[in-house]
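Undergrad: The structure's right below; bear with me while I get my questions together.
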Amino acid sequence: MPVVMFSRPLLKTVLLGLVGLALLGGISAEQVLAAEVFAPPPVNLSSPRAEAPAEEGLALYGKPKYAPGFTHFDDVRLDAPKGGTLRLASLGTFDTLNPFTLKGIAAPGAELVFATLMTPSLDEPFSQYGLVAESVRVAPDRQWVSYHLRPTARFSDETPILPEDVMFSFTILRDKGHPSYRSYYRDVASVTKIGPRDVLFTFKTAGNRELPLIVGQLPILPEHAWKGRDFAATTLTPLIGSGPYRVDEVVPGRSLALRRVTDWWGADLPTSKGRYNFDVLRYDIYRDATVALEAFLAGKYDVRMENIAKNWATAYTTDAVKDGRIVKREVPNGLPAGMQAFVFNTRRPLFQDRRVREALGAAFNFEWANMNIAYGLYTRTTSYFENSDLAAQGLPSPEERTILAPYRDRLPPEVFTHAFAVPKTDGQGENREGLKRADSLLREAGWVLKNGRRVGPNGEVLRFEILDDSPAFERWVHPWIRSLARLGVEAQFRLVDSAQFQNRLNTFDFDVTVHVFPQSLSPGNEQRDFWGSANADRPGSRNMIGIKDPVVDALAERIPRATTRAELITLCRALDRVLSWGFYVVPHWHTPVFRVAFWKDRLALPANLPPYGLDIVGTGWAVQKAEEQ
């Protein structure tokens, strides 16, 4: 888990982050898809495709905020100086500069080397504007999207970006990239060159409002640079890209420096003005979170996103903080908090019983831990769409009941009769009611107490392991383990290094782990990645829980096809109820602000910080005074 993660994710959710990235004998599914891509339907440029209006931007619903001819995003400083070094930190390690594959751990900031067809603004829920693409056309029924490429768009070796590169990028990411791309792009039927600078994506069905914007997130890779190379292999050789930065210096596992491309072809576009102000981005790698914090307080790097409440409350007590040289700032976060939680791996027989999952969650005393560990700074998460109007509220609305009614016999009755709520205590001491409820559920599921141990019908002991790579969670895990011990449940916490942790997550080799399911204000295709049956057993999948539920599948399929915001809200709330009453996770906590600390003499902030992300590289932050590098 990086100490600072400011780069814009290549996929909507991880990020969304992150891209974050965080994602078949006979004829295989891959071969079928490849045949579709290279055998596209004929295109007639005099057809309605050519008549659809060319647009500079797209929004999921309605019109984008910025009208044609806009000059810059509102969250930048046009007078920000260019230059200087931004010193950042990341926890863990890295062994590849390719951020698009399952193999290896990507270097922090590696995605900044690549440009995408379109780029989002962070002051809108989900809108995109042309970057590599000069303009975009979308079918009225959303069954295709075409892009007209900028004649000035070039790779870092000065070769022009062509439709063939777009086609290559889509195909290689789908076939050889992280498994999440395969799922993300599965509804794309074909990609076709329809002109010297025009490329057409045709979709398998109409009506998916999100898919044109998903395709717009496609990072553009140079076809000529990958000939004869294994795309899936790890590499520390700098890659040819098309973005605002290039790799300048690599010290494997210790540091990475990116240098701004001073003659970048996209620098003067409205989507880029006032952004990417730092000449050098330097990431230093720390293995220990406490050492990383001390390094920041000692001035070893410039800015830090603080995600540990105890640190925010107690660790920033140095003279530099007291005299104002280090600024602590809480920036309102308009994004849904998503779901951070202890995640049960339902591929394990132990966790296939909903009653067992509910019981183990009932033993978690959040209120006590929040007061004693986090100084009361956190709010308990109760929804998979927390901190947004997408979260289920009270009892199901009539519209939600209509959606859920066909599945009534497959759902717990509580979905229709009760408002979901996580167990709550007074925070003062023992969780008697929670443990009582847990004991009852475990007995009902066939797990009884025998000589102080919780045993099943065959005499097996109820035991499991909680896996993580961050010592910060130890404070939260051990009180839960002690509560479970009172139930006769044997749980232990295992801490592993970041590389081993990622490998074990990729292969689902865990009982319980800490995981985040990020959400946006415009949920869509990623819901299938998070919860879909088709991804449950695919290595590297984001369906960390292993859910295989036809009801969840049906709801996740409908969300990207919502035609109005109201319909989207109703569908998300219905899905939220089904997931919550499945007790697949033990929800953690959230905060409605970004906590950021920075050295005042080093960094200058833009006047308008956007509500939907804290992208220091891409939203107008700059050094106080540019200096020679």
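Undergrad: At 7 Å along Cα-to-Cβ for each site, give me the label-to-label distance between A313 and H418 in nm.
TA: 3.0
Undergrad: Straight distance only, please: which lysines reach the Cα of K328 with their own Cα at less than 18 Å, same-chain residues fewer than 8 apart left out?
TA: Hits, sequence-local ones excluded: K300, K310, K600.
Undergrad: Let's test the formula: R0 of 25 Å, r as the Cβ-Cβ distance of R432 and E474. What FRET efficiency results, to the nearest 0.05?
TA: Step by step, r from the Cβ atoms, then E = 0.50.
Undergrad: Among rounded, prolate and oblate, which fits the chain when a ≥ b ≥ c are the square roots of the eigenvalues of its C-alpha gyration tensor, a/c under 1.5 means rounded, and a/b larger than b/c means prolate?
TA: In terms of gyration-tensor shape, oblate.
Undergrad: Just tell me which lysines come within less than 26 Å, Cα to Cα, of K103; anything on the same chain fewer than 8 places away is out.
TA: Within the straight-line cut-off, K103 pairs with K12, K176, K227, K548.
Undergrad: Shifting gears a bit: What dipole magnitude, in Debye to the nearest 20, does the chain give about its Cα centre under +1 on Lys/Arg Cβ and -1 on Asp/Glu Cβ?
TA: Dipole size: approximately 960 debye.
Undergrad: List the relative contact order of the stretch 428-574 as a percent without decimals, with contacts defined as Cα pairs under 8 Å and 6+ residues apart. Walk me through the numbers on the way to the answer.
TA: On the way: 169 pairs, mean separation 23.8, N = 147.
Worked out over the stretch 428-574, it gives 16 percent.
Undergrad: Right, next: Label N451 and A534 with points 7 Å out from Cα along Cα→Cβ: what is the distance between them in nm?
TA: 5.0
Undergrad: Out of all DSSP beta bridges in the stretch 387-543, what portion is antiparallel? Express it as a percent rounded to 5.
TA: Here the share of antiparallel DSSP bridges comes out near 35 percent.
Undergrad: Something else: Decide, for the stretch 227-308, between rounded, prolate and oblate: order the square roots of the alpha carbon gyration tensor eigenvalues as a ≥ b ≥ c, take rounded if a/c falls under 1.5, and otherwise choose prolate if a/b is larger than b/c, else oblate.
TA: Because a/c hits 1.5 or more and a/b fails to exceed b/c, the stretch 227-308 counts as oblate.
Undergrad: Further, regarding this structure: Rounded, prolate or oblate: which fits the stretch 439-502, taking a ≥ b ≥ c as square roots of the Cα gyration tensor eigenvalues, rounded meaning a/c under 1.5, else prolate when a/b beats b/c? Don't skip to the answer; put the middle values down first.
TA: On the way: a/c = 3.21, a/b = 2.13, b/c = 1.51.
Verdict is prolate for the stretch 439-502.
Undergrad: Further question: Search the structure for amide H atoms under 5 Å from the amide H of F464, placed 1.01 Å from N in the peptide plane, and list their residues when 5 or more places away or on another chain.
TA: It is E490, A491, Q492, by chain and number.
Undergrad: Which order do the peptides 83-91, 531-539 take when ranked by the mean count of other beta-carbon atoms within 10 Å per residue, highest first?
TA: By packing density, highest mean first, the sequence is 83-91, 531-539.
Undergrad: Which cross-chain or sequence-distant (5 or more) residues have an amide H under 5 Å from the amide H of S135, H modelled 1.01 Å from N in plane?
TA: Sorted by chain and number, the residues that satisfy this are H148.
Undergrad: Over the stretch 149-285, what is the mean sequence separation of C-alpha contacts under 8 Å (at least six apart), divided by residue count, expressed as relative contact order in percent?
TA: Value for the stretch 149-285: 22 percent.
Since every read-out is calculated from the coordinates, none of them should be taken as a lab result. A quick note: this is a predicted structure, and the numbers were derived from the prediction, not measured. FYI the Cβ positions are ideal-geometry reconstructions off the backbone, even for glycines, and counts take in every protein chain you see.
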